[in-house]
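The values are calculated or read from the model by the stated rules, or taken from the named source; none is laboratory data. Since this is a predicted model, take the numbers as computed values, not measurements. Here the Cβ positions follow ideal geometry from the backbone for every residue, glycine too, while neighbour counts run over all protein chains shown.
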Amino acid sequence: MWRSRNADKQVKEKGIGVRRRLQAFTIGATVAAMLMASFIATAQVSATTIQSVLYVSPAATSESVDVSCLTARYHTISAAIEAARSGDTILVCPGTYREEVRLTKSITVRGLDQPVIDGSGFDSAVVMTASHATIAGFTIDKAFGEGVLATSVRHITIEDNFVEDNDRGAGSPRYKECMAYQGVPGDCGEGIHLSGVVDSKVLDNEVRANSGGILISDERGPTHGDLVKGNIVIDNTADCGITVASHRTDAVNARDVTRPRTAGVFSNTITDNTVADNGTTGEGAGILLAAEYRGGAVYGNVVSRNTVIDSGLAGVTINENAMDQDLSGNVVEDNIVGANNLGGDKSAGDVVTTGVLVFAHSRSARVHVRVTGNVISDDTYGIFVLTRVTLTQSGNTFYDVRVRSHVES
């Protein structure tokens, strides 16, 4: 059909206008889609942020918005852990929670105003089996075994808890670890127990009136690189205040070489703790480093800047119990050690008050210890050592000590 040039021009201009409008529409739609996607992403992030803190309260209801103790959604700590994702924080509001809390995820569980985890009827009140987990700010009590048990984990934190009246099964056949052996109370797990735990922290807890205080051992694998600092460990009368013990038989091989990937307790630091009135009714030192069976190993640990008084056995005791053990490279330095060994250590032939005791039962002892810079007071023996032990001592200060260093063959 014939058209004038003006008509063609009008059609062309109209087409350009339509294309421009389509382009504008497309660009607008794209921008709108981008804005919508951004909005959705922001909403998702916001939702993630809101959900990253979960609240637990005895008065919680499942319909609550869960942004405070007054609006908590979870009635038990266990329910909140089940709902949590890795990296989340669970805030536990004041109250008493009668449950066994199992930290199976890499989360933080923190008490507000010291809520109570009542472990009555459970082997342990808190069980930590996930790395990068934290339990903090609780009263933890009344468990048959451990108040807090951590096994086969890395980079966990146990902080600012009041751990009391646990380890109730000492001597009971119900819980194997609690059984006594040859009249000595079993390592039932005590207030806090680390087994197969690596590069972790036990900080600023008060561990009181359990059968024993803090136990670091290797039943579940090597335990090393841990920091036990700033704790108050008192009145754990049936066992030691802090125990660093190898319970395995394969931490040292047949060629007397340590096996750090298999077992052993090594390279841990025990520092700035107050350790008092432990082991007074049983056989317990203030701080004990020992291997129980042939093939055990406790080496390269540092015990420093602790205050240790009024223990049933010597304030710091390093004890080799069998052949083919390794207790080398342990360091006892800059501690304040008062009157200890109040009950006397008959197995070591030391029945008078003693600050630091280092001894070995076997002729094949590998016990090499450095004791330096300590202040030891109010003891008959400042340092008691058997000649089978290699001991380096220097810079120690003694007050009201009858014999500064007693060496016995």
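Within region 90-103, how many residues are of a type in the set (Val, Ile, Thr) and loosely packed, with under 14 Cβ neighbours inside 10 Å?
Our first condition is that a residue be of a type in the set (Val, Ile, Thr); within region 90-103, this holds for 90, 92, 96, 101.
With loosely packed, with under 14 Cβ neighbours inside 10 Å added as a condition, the list becomes 96.
Of the residues in that region, 1 qualify.
Which of the residues spanning region 70-83 are surrounded by fewer than 19 Cβ atoms within 10 Å (Cβ to Cβ) and among the aliphatic types (A, V, I, L, M)?
Initial filter on region 70-83 (surrounded by fewer than 19 Cβ atoms within 10 Å (Cβ to Cβ)): 70-71, 75-76, 78-79, 82-83.
Within region 70-83, LEU70, ALA79, ALA83 qualify.
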Report yes if ASP310 is closer than 22 Å to ALA339 by Cβ and within 17 Å of the chain's Cα centre (by Cα), otherwise no.
no
Checked region 150-179 for anything at pLDDT 95 or above, crowded, with 24+ Cβ neighbours inside 10 Å and of a type outside the set (S, T, N, Q); matches are ALA150, ILE156, ILE158, VAL163
Within region 352-400, residues in a loop (DSSP other than H, G, I, E, B) and among the charged types (D, E, K, R) come out as ARG363, ARG366, ASP378, ASP379, ARG388, ASP400
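Does SER131 satisfy the criteria of being of a type in the set (S, T, N, Q), at pLDDT 95 or above and in contact with a helix residue (DSSP H, G or I) (Cβ under 9 Å, 6 or more places away or on another chain)?
Against the criterion (of a type in the set (S, T, N, Q), at pLDDT 95 or above and in contact with a helix residue (DSSP H, G or I) (Cβ under 9 Å, 6 or more places away or on another chain)), SER131 does not qualify.
Kindly indicate which of GLY121, GLY111 is among the small types (Gly, Ala, Ser), at pLDDT below 95 and more than 16 Å from the chain's Cα centre (by Cα). Walk me through it before giving the result.
Working: GLY111 fails: at pLDDT below 95.
When all the criteria are applied, what remains is GLY121.
Conditions tested, residue by residue: (1) surrounded by 24 or more Cβ atoms within 10 Å (Cβ to Cβ); (2) part of a strand (DSSP E or B).
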| position | (1), (2) |
| --- | --- |
| ASN236 | yes, no |
| VAL244 | yes, yes |
| ASP250 | no, no |
| ARG255 | no, no |
| ALA263 | yes, no |
| ASN278 | yes, no |
Restricted to region 84-119 and to residues being charged (D, E, K, R) and not in a strand (DSSP E or B), the residue farthest from THR223 (Cα to Cα) is ASP113
Within region 66-83, residues being touching a Leu at 6+ places or on another chain (Cβ under 6 Å) and either in a loop (DSSP other than H, G, I, E, B) or within 13 Å of VAL116 (Cβ to Cβ) (or both) number 0
>> Residues that are crowded, with 21+ Cβ neighbours inside 10 Å, more than 24 Å from the chain's Cα centre (by Cα), part of a loop (DSSP other than H, G, I, E, B) and touching a residue at least 40 places away in the same chain (Cβ under 8 Å): does region 289-305 have at least one?
In response: yes
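If a residue must be outside any strand (DSSP E or B) and within 16 Å of GLY282 (Cα to Cα), how many such residues does region 306-351 contain?
First, pick out the residues of region 306-351 that are outside any strand (DSSP E or B): 306, 310-315, 321-325, 334-335, 338-344, 346-349, 351.
Remaining after also requiring within 16 Å of GLY282 (Cα to Cα): 310-315, 340-344, 346-348, 351.
Qualifying residue count for the region: 15.
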Within region 337-356, restricting to residues that are surrounded by 19 or more Cβ atoms within 10 Å (Cβ to Cβ), modelled with pLDDT of 95 or more and out of contact with any Asp or Glu (no Cβ under 6 Å at 6 or more places or on another chain), the one that is nearest to LEU391 (Cα to Cα) is VAL356
Condition (residue is buried (at least 21 other Cβ atoms within 10 Å of the Cβ), among the charged types (D, E, K, R) and part of a loop (DSSP other than H, G, I, E, B)) applied to region 120-128: is it met by at least one residue? no
When PHE144 is run through (1) in contact with a Lys or Arg (Cβ under 8 Å, 6 or more places away or on another chain); (2) over 17 Å from SER211 (Cα atoms), the failure sits at (2)
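Would you mind stating whether GLU219 is in contact with a strand residue (DSSP E or B) (Cβ under 9 Å, 6 or more places away or on another chain), modelled with pLDDT of 95 or more, surrounded by fewer than 24 Cβ atoms within 10 Å (Cβ to Cβ) and of a type in the set (Asp, Glu)? Lay out the reasoning, then the answer.
Details: in contact with a strand residue (DSSP E or B) (Cβ under 9 Å, 6 or more places away or on another chain): yes; modelled with pLDDT of 95 or more: no; surrounded by fewer than 24 Cβ atoms within 10 Å (Cβ to Cβ): yes; of a type in the set (Asp, Glu): yes.
Answer is no for this residue.
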Within region 221-243, residues β-branched (Val, Ile, Thr) and within 14 Å of HIS193 (Cβ to Cβ) come out as THR223, VAL228, VAL233, ILE242, THR243
By residue number, the members of region 256-296 that are out of contact with any strand residue (DSSP E or B) (no Cβ under 6 Å at 6 or more places or on another chain), of a type in the set (A, V, I, L, M, F, W, C) and farther than 16 Å from GLY196 by Cα are VAL257
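Among the listed residues ASP310, ASP334, which satisfies the condition of being surrounded by fewer than 24 Cβ atoms within 10 Å (Cβ to Cβ) and more than 16 Å from ASP378 (Cβ to Cβ)?
Values: ASP310 fails: more than 16 Å from ASP378 (Cβ to Cβ).
Result of the check over ASP310, ASP334: ASP334.
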Checked region 60-69 for anything in contact (Cβ under 8 Å) with a residue 12 or more places away in the chain, surrounded by fewer than 17 Cβ atoms within 10 Å (Cβ to Cβ) and in contact with a Ser or Thr (Cβ under 8 Å, 6 or more places away or on another chain); matches are none
So, first residue within 13 Å of ASN341 (Cβ to Cβ) in region 395-406, second residue among the charged types (D, E, K, R) and assigned to a strand (DSSP E or B), Cβ within less than 7 Å, six or more apart or across chains; the pairs are none
